[in-house]
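The values are calculated or read from the model by the stated rules, or taken from the named source; none is laboratory data. Remember, it's a predicted structure, so these values are computed and weren't measured experimentally. Here Cβ is always computed from backbone atoms with ideal geometry, including for glycine, and neighbour counts include all displayed protein chains. With ligands, DNA and RNA removed, areas are computed over all heavy atoms of the protein, side chains included. Shrake-Rupley method; radii C 1.70, N 1.55, O 1.52, S 1.80 Å.
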Amino acid sequence: MKVAILGAGPAGMSCANACLSYGLEPVVIEASDHVGGTQRSNFHPNLWLLGHPEETGEAMTQRLAAHFLALPVKLYRATQVLAVEPDGDGFMLRLATPRGEVSERVRAIVLATGMRPRATPELERLAAQSPRVIIGPLSTAIRDAIHDARVLILGGGDNALDHALFLAERGNSVRVCTRARFSARRPFQAACAARPEIELKDHCPPSRLVIEDGRIVAEWGRVRVRYDWLLVMYGYRPNTEVLQRFAASIRPALTESGHVKVDAWQRTSVPGLYAAGDLTHSPQPSVATAIAQGLAAAKAIERDLAD
Ligand SMILES: Cc1cc2nc3c(=O)[nH]c(=O)nc-3n(C[C@H](O)[C@H](O)[C@H](O)COP(=O)(O)OP(=O)(O)OC[C@H]3O[C@@H](n4cnc5c(N)ncnc54)[C@H](O)[C@@H]3O)c2cc1C
């Protein structure tokens, strides 16, 4: 029985591995040209995964990906889902692969497309214009390219302040601006306040941002300040865009926060459609959670649908 898995992050890779052990035939569809998901560029140690205390997200991803890529799993990389239609007791997927369009008929689908960094359309446009505008925290450019520079960080949560501290230690001067109050953990706020290289400004969104001569100019009314880098740390949102390609009759219910609603077995509101990982609402999204949910989805499919 074929199972399409959308996304090759920890949830999708784990689901594919578990499908094999339940006698199911996983077909993994990954939008990017690599597998591994969000942690692929995380240069910080993963503090939440028991057993590998010093391992970075990057190294952990390589380890998980090496295992996944050695499995006898059909993998489409750099592939977009064009359409998903109901088809008898299953689904028909139309895919745009680098080699052209293909169709896959499957009995079940597991959504495992994770989350994506949040930004406004204006910030997305700026990021498209300049590599010096970085949306979201997990970028190797932050580790490798930003030294002795003026950096503006937009956002007031843990990621914003964690990155301010990281960059201050590398000779950068950092201004962190948030629209309202800082919501980051108090120890982060205290550590930032103690560093002269970091300026924390609440209720202070720039009125305008433009790129001039390859640098970012932020305006606060008539005050204009030039920055070498702009980091946008507005948190994350569930990556549900692919559902727009699903026929209306098979679009799953979402929670108020826009996550895919699932039961304890990772079943969505649509029979035959499952979801795992950060796309679903979880009290503590993590690699371990995603791996466990991918496993549970495979078990549910075997239990619900196998003859
Ligand atoms: C800043 C930050 C730090 C974190 N630190 C830790 C940590 O230290 N320890 C920890 O355990 N967790 C950490 N996490 C959480 C962890 O990264 C996630 O919980 C985990 O990656 C979720 O796995 P996932 O498979 O659900 O999604 P992801 O890892 O996001 O993978 C989703 C995959 O789906 C693909 N995809 C997206 N859209 C489509 C589409 N339309 N079609 C096909 N494929 C698609 C993506 O390219 C990606 O490969 C952190 C998260 C962030 C943001």
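For the stretch 39-61, filtered to residues that are open to solvent by 60 Å² or more (accessible area, probe 1.4 Å) and under 20 Å from Pro283 (Cα atoms), the residue that is farthest from the ligand (Cβ to nearest atom) is Leu50.
Under the condition of being away from the ligand (no atom under 12 Å from the Cβ) and out of contact with any strand residue (DSSP E or B) (no Cβ under 8 Å at 6 or more places or on another chain), the residues counted in the stretch 268-280 number 3.
All conditions in (1) touching a Leu at 6+ places or on another chain (Cβ under 9 Å); (2) more than 16 Å from the ligand (Cβ to nearest atom); (3) of a type in the set (Val, Ile, Thr) hold for Ile109, with the sole exception of (2).
Annotation note: of Ser21, Ser14, the sole residue that is open to solvent by less than 60 Å² (accessible area, probe 1.4 Å) and more than 6 Å from the ligand (Cβ to nearest atom) is Ser14. Which one is nearest to Leu167 (Cα to Cα) among residues in the stretch 24-38 that are near the ligand (Cβ under 7 Å from one of its atoms) and not acidic (Asp, Glu)? Step by step, filter the stretch 24-38, then rank; the result is Thr38.
Restricting Gly272, Gly235, Gly294 to those that are touching a residue at least 24 places away in the same chain (Cβ under 8 Å) and within 30 Å of Leu209 (Cβ to Cβ) reduces the list to Gly235. List every residue pair whose Cβ atoms lie under 6 Å apart, where the two residues are 6 or more positions apart in sequence or sit on different chains, the first residue falls within the stretch 28-43 and is farther than 20 Å from Asp144 by Cβ, and the second residue, located anywhere, is more than 6 Å from the ligand (Cβ to nearest atom) and of a type in the set (Ser, Thr, Tyr). From residues that are farther than 20 Å from Asp144 by Cβ, the pairs are Ile29/Tyr76; Ile29/Thr79.
Inside the stretch 108-125, residues that are open to solvent by 10 Å² or more (accessible area, probe 1.4 Å) and either more than 18 Å from the chain's Cα centre (by Cα) or over 30 Å from Pro252 (Cβ atoms) (or both) make up a count of 2. Return a yes/no flag: does the stretch 139-155 have any residue that is closer than 30 Å to Met13 by Cα, in contact with a helix residue (DSSP H, G or I) (Cβ under 8 Å, 6 or more places away or on another chain), hydrophobic (A, V, I, L, M, F, W, C) and in the same structural domain as Lys201 (by TED's automatic domain parsing). Within the stretch 139-155, one or more residues are closer than 30 Å to Met13 by Cα, in contact with a helix residue (DSSP H, G or I) (Cβ under 8 Å, 6 or more places away or on another chain), hydrophobic (A, V, I, L, M, F, W, C) and in the same structural domain as Lys201 (by TED's automatic domain parsing). Assigned to a loop (DSSP other than H, G, I, E, B) and surrounded by 20 or more Cβ atoms within 10 Å (Cβ to Cβ), is that true of Val270? So Val270 does not fit the description; no.
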